[in-house]
Amino acid sequence: MLALERLTKRFGGLTAVREVSLEVRAGDLLGIIGPNGAGKTTLFNVIAGYYRPDEGRVVFDGRDVTGRPAHEIARLGLTRTFQIVKPFGNLSVLDNVMIGGLTRLPSTRAARADAERVIEVCGLGLHAAARARALPLALRKRLEVARALATRPRLLLLDEVMSGLNPTELVAMIDLVRRLHADGLTLIVIEHIMAAMMRLAQRIVMLHHGEKLAEGTPREIAADRRVIDAYLGEEFVLAEA
Amino acid sequence: MRRALARHRGALLLFGAAALTPIVVRDAYFLDSLVLILLWGSLSAAWNVAGGYAGQVSIGHAAFFGIGAYSAALAGARWQQSPWLGMLAGIALSLVAGAAIGYLSNRLRGPYFALSTIAFSQVLLIVASRWRGFTSGSEGIPVPFRPGFATLGLGHVAWAYLALAVALLYWGIQLWLERSRFGYRLAGVREDEDAAQALGIPARRLKVIAVTVSAALTSVCGTLWAQYVGFVDPFYVFSVDLSIRFALNAIIGGVGTALGPFLGSILITSLETYLRATLSGVQSGFTGIYLIVYGTMLILVVRFFPAGLAGLAARLRARRAGAHG
Amino acid sequence: MDPARPLGRPQIDVVAQLGVSTVLLGGIYALIAVGLTLIFGIMRVVNFAHGEFLMLGMYLAFWAYTLLALDPWFVLFVSIPLFFGLGLLTYVLIMRGIIHASHNVQIFTTVGLSIALQNLALVLWSGDFHTVRPWHAGAPIRVAGTAFNLSQVVAFFIAIALTVALFAFMRWTHTGRVMRATAQDRDAAILMGIDTDRVYRITFALGIAAVGAAGVLVSPLYAIYPQAGLQFVLLSYVVVVLGGLGDMVGALIGSLIVAAVEVAGSYWFGTAWKEIFYFLLFIAVLVFRPAGLFGQRGAETLGA
């Protein structure tokens, strides 16, 4: 579904993403890990059209979308969330999600009905009328996901959607992501929280200094010497999921 | 239908009162105030489309107002054409100017965009006030009065109803912005442009559309105003003070709400008329006092009552509903 | 006295005249802009009322001159502490509350302040154009085929002196260093225990003192009326954007450029059109070089 071919992005003298190539097939759940500054969010920004890469291509569904503006890429079915959540603060939760739905749906009534369903799926039903600005972080993160879902993406990029959550919230979020994946959504997930990543991802890619350092199943990654040295820190014992 | 009526009862009350006024009151001075309140309200509603609903705060909307005013004046005085034709020309020019400003809004953030709009309106002011051959320069242009609807030479009662019609139209346009697909997406752009783009909304395009429409709406009122007042003075129609006035009404009344601009206009225009009446005869400097009041009000409202009068009304209504509920 | 009026002399004299005009004008613009770049660079607030403080400086000189027959050069010494105090007062009453507020709040608060001050002037002094004409306003200085009046020249030197003093303060005093640190990274400054409120207080007060002093200095050179500040405000923003936010040297260079544009523009097109040039320049700079001539500082604040 998505192919990245030798993507490179430079900012002045700094190469944030260096010759990264990846493939994601329909139905996959790919994880991206790496230390801060490794270029993970930059990669998302390039894929989603917020930055134009200096070299390389982004091919989505067989279409070359390199350098296309962000809103066009979103309309093609590739949606992303933001690491620092960006809710439409003064609008209600329902309105937030509804605006996502308006991308495909022509009428506000249809979008609102659809939004109500999405809100239920994401567990925000009780808060539909609340102002987004008033929500605590965990719910804002859910809202971020719900709003993206309303666009009915074919591929969803989740950027650190678990960070800042307490253990209970974390379990709920992991569950949500797993359900979405089970329902057929293709996902790329950036995470620092290894426990979540190991449980969800089928394949994991590690970025370091903008380069793809390693790729493989969670087990392979956990045992990979390079990954351990650069990021994980010690032998990471996998408990049975 | 009944729910819609109930929801808008405040607006219906106000507009209804405005509609009845010319029937009940025949005093020209009073009707004049009514026309001005409605025109200023409409102008602020036009500003609100860009400033309130799209979040593009401009302090240069007088540029579009002046374009509309000059179009009418020139059409009537120079080419003996109907001011309606002038209005169309004004709209066309304002669409172009609005698109230019819209372009700027995509390149500059808040305060710098605002500054650039000031610069834009000042450029037009200088051109209009110096181009003696075309615009009669700093002397301004008197707008000829020829009785009849085609030439917008109307009596006070007719003006009152015309102004009311325009006000209702502009109010309706704002309401549409609150409920339509375009309006919701625009709200998303206003709240967070990046997030809106992630949802497939062409943010830059929507901003340009909003600013351009706002410009055209402002221009129409500029034409009407020129015909009503009968004289176009470049130092007034392109002034920064005027631009601020458009924003002021909307902010005090409730920026981003449909009725807000009109509420603000009622308050401000009435205040101004009252102060001018009571302070007339005193030296001219005292006319500045009400502007000091505005300046202070602006500072206070923006800090402490960001939802403006409309917000206060909503809070009151909620409290009363809560007490009954 | 229009500094750009040609003298009917050979070409080189014209160039010399224009050149000196530019420098003299540039010096004054520098004083105005330097205060603004400080405020904007350190506090990151666009102050729409900046020109009004200049206008108040002009009126202070006018008042002192007509009521007390005091020369503006004397008033200058009083104006600096006076405007410093005014800056402190304005900061505490108004600016402090909006530093962390949204752009709209900042815009309209300072716009409201601008309206209030303009009309305060209107009430106190009426809208009539006033002038201050001390002895030096008409005293010509002739050097090598160029002619200027003494007011201009002295204004220039004093402006430069004040600007240099400000620069030295920022460079070599502890407070100055603290202010520069806050400009570079506000959060880091807080973490380092810097009292940002105090920094902002001093910054704003200094900026207002500078622009108030500038107002006193230019009072013999321009007509004094309540809206005299408007043209200067846009002009100073051009300078600040050109020079880079918070960059004092940039402000100096930007001032020269703006002055050059104005002088050259008036020479070729006449003074009637001169104002249009800095408005056009302003728009051009914002569209093409929002980061200023020298680099990236502030571009992130400007760009959408």
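Derivation of every value follows stated rules applied to the coordinates shown; laboratory data play no part. Because the structure is predicted, anything quoted here is derived from the model rather than measured. Every residue, glycine as well, gets a Cβ built from its backbone with ideal geometry; the counts of neighbours run over all protein chains shown.
Does the range A:112-182 come out rounded, prolate or oblate by the C-alpha gyration tensor, with a ≥ b ≥ c the root eigenvalues, rounded set by a/c under 1.5 and, if not, prolate when a/b is larger than b/c and oblate if not? It comes out oblate by the Cα gyration axes. Averaged over residues, the count of other Cβ atoms within 10 Å places the peptides C:15-23, C:58-66, A:92-100 in the sequence A:92-100, C:58-66, C:15-23, highest first. As a calculated quantity, the FRET efficiency between B:Arg319 and B:Leu271 at R0 = 35 Å, using C-beta atoms, amounts to about 0.85. With the highest mean first, a sort of the peptides B:262-272, B:21-31, C:270-280 on other beta-carbon atoms found within 10 angstrom per residue produces B:262-272, C:270-280, B:21-31.
Per residue of C:122-133, other chain Cβ atoms within 10 Å of the residue Cβ number 3 on average.
In the range B:80-178, Cα pairs under 8 Å separated by at least six residues give a relative contact order of 23 percent. Take every pair of alpha-carbon atoms less than 8 Å apart whose residues are at least six positions apart; their mean separation over the length of chain C yields a relative contact order of 35 percent. For chain B, the Kirkwood hydrodynamic radius comes to 20.3 Å, computed from all pairs of different C-alpha atoms.
Taking amide hydrogens as placed 1.01 Å from N in the peptide plane, the amide H of B:Leu108 sits under 5 Å from those of C:Ala304, each at least 5 positions away in sequence or on another chain. The convex hull built on the alpha-carbon positions of the range B:1-72 has an orientation-averaged projected area of 7.2 nm². In this simple spin-label model, placing a label point 7 Å from the Cα along the Cα-to-Cβ direction at both B:Leu168 and B:Ala4 gives a separation of 1.3 nm.
In order along the range A:7-20, the phi-based Karplus estimate (6.51 cos²θ - 1.76 cosθ + 1.60, θ = phi - 60°) of 3J(HN,Hα) comes to 6, 9, 9, 10, 10, x, x, 9, 9, 7, 10, 10, 6, 8 Hz; Gly and Pro are listed as x. A helix-only calculation puts chain B at -25500 deg cm²/dmol for mean residue ellipticity at 222 nm, using -39500 (n - 2.57) for each DSSP H run of at least four residues, averaged over all residues. Look at where the Cα atoms of the range C:99-156 and of the range B:57-108 average out, and the two centres are 32 Å apart.
Kirkwood analysis of chain A, using all unique Cα-Cα pairs, places the hydrodynamic radius at 18.3 Å.
Which percentage, to the nearest 5, of the DSSP beta bridges contained in chain A is antiparallel? If I count the DSSP bridges inside chain A, around 55 percent turn out antiparallel.
Distance between the C-alpha centres of the range A:152-223 and the range C:162-234: 49 Å, rounded to the whole angstrom. Work out the P(r) tail for the protein assembly as shown: percent of alpha carbon pairs separated by more than 48 Å, whole number. That tail contains 31 percent of the Cα-Cα pairs. Counts of other chain beta carbons within 10 angstrom of each beta carbon in peptide C:218-230 average 1.
Extension gain for the segment C:Thr175 to C:His100, taken as residue separation times 0.36 nm less the Cα-Cα distance, is 24.8 nm to one decimal. Nearest 0.05, what FRET efficiency do A:Gln83 and B:Arg132 give at R0 = 45 Å with Cβ-Cβ as r? With R0 = 45 Å, the Cβ-Cβ based efficiency is 0.15.
Among beta bridges identified by DSSP and lying wholly in the protein assembly as shown, the antiparallel ones come to about 65 percent. Net charge dipole, chain C: roughly 320 debye, given to the nearest 20, about the Cα centre with Cβ charges of +1 for Lys and Arg and -1 for Asp and Glu.
Pairs of alpha carbons in the range C:164-282 separated by more than 20 Å make up 53% of all such pairs.
Spin-label model, A:Ala130/C:Thr66: points 7 Å from Cα along the beta carbon direction are separated by 6.2 nm. How would the range A:1-122 be classified by its alpha-carbon gyration tensor: rounded, prolate or oblate, with rounded meaning a/c under 1.5 and the a/b versus b/c comparison settling the rest? It is prolate, given that a/c is not under 1.5 and a/b is the larger ratio. Distance between the modelled labels on C:Asp13 and A:Ala172, one decimal in nanometres: 8.5 nm (7 Å Cα→Cβ projection).
May I ask you to list the residues of the range B:182-210 whose amide nitrogen lies under 18 Å from a point 7 Å from Cα along the Cα→beta-carbon direction of B:Ala99? Only B:203-210 fall inside the zone, counting backbone N under 18 Å. For the range B:130-215, just say rounded, prolate or oblate: build the C-alpha gyration tensor, square-root its eigenvalues into a ≥ b ≥ c, call rounded for a/c under 1.5, and beyond that prolate if a/b exceeds b/c, oblate if not. Judged from the Cα gyration tensor, the range B:130-215 comes out oblate (a/c at least 1.5, b/c at or above a/b). Considering only Cα atoms, the convex hull volume of the range C:49-120 works out to 80 Å³ per residue. Stretching A:Val59 away from A:His209 to a fully extended chain increases their span by 51.7 nm, per 0.36 nm per residue minus the current alpha-carbon distance.
Here the 3J(HN,Hα) profile of the range B:106-118, calculated from phi with Karplus coefficients 6.51, -1.76 and 1.60 at θ = phi - 60°, is 8, 10, 10, 8, x, x, 6, 4, 4, 4, 5, 5, 4 Hz, Gly and Pro shown as x. The mean number of Cβ atoms from other chains found within 10 Å of a Cβ in peptide B:290-297 is 6, as a whole number.
Proximity of backbone amide H atoms, modeled 1.01 Å from N, is registered between A:Glu55 and A:Thr8 at under 5 Å, excluding neighbours fewer than 5 places apart on the same chain. Taking the fewest neighbouring Cβ atoms within 10 Å as the starting point, the ordered list for C:His100, C:His130 is C:His100, C:His130.
The C-alpha radius of gyration of chain C, expressed as a fraction of 2.2 N^0.38 Å, stands at 0.98. Computed from the C-beta positions of B:Leu300 and C:Ala161, the FRET efficiency with R₀ = 51 Å rounds to 0.80.
Only helices reaching 30 angstrom along their own axis (Cα) with mean Kyte-Doolittle hydropathy no lower than 1.6 count here, and for the DSSP H runs of chain C these are C:11-43, C:150-172, C:248-269.
Only lysines eight or more places from A:Lys40 in sequence, or on another chain, were considered; those with a Cα closer than 26 Å are A:Lys9, A:Lys86, A:Lys141, A:Lys212. Rounded to whole numbers, the Karplus 3J(HN,Hα) couplings from phi for the range A:76-85 are 6, x, 10, 10, 10, 10, 10, 4, 9, 4 Hz, using 6.51 cos²θ - 1.76 cosθ + 1.60 with θ = phi - 60°, and x at Gly and Pro. Estimated from helical segments only, the mean residue ellipticity of chain C at 222 nm is -23500 deg cm²/dmol, where each DSSP H run of four or more residues counts as -39500 (n - 2.57).
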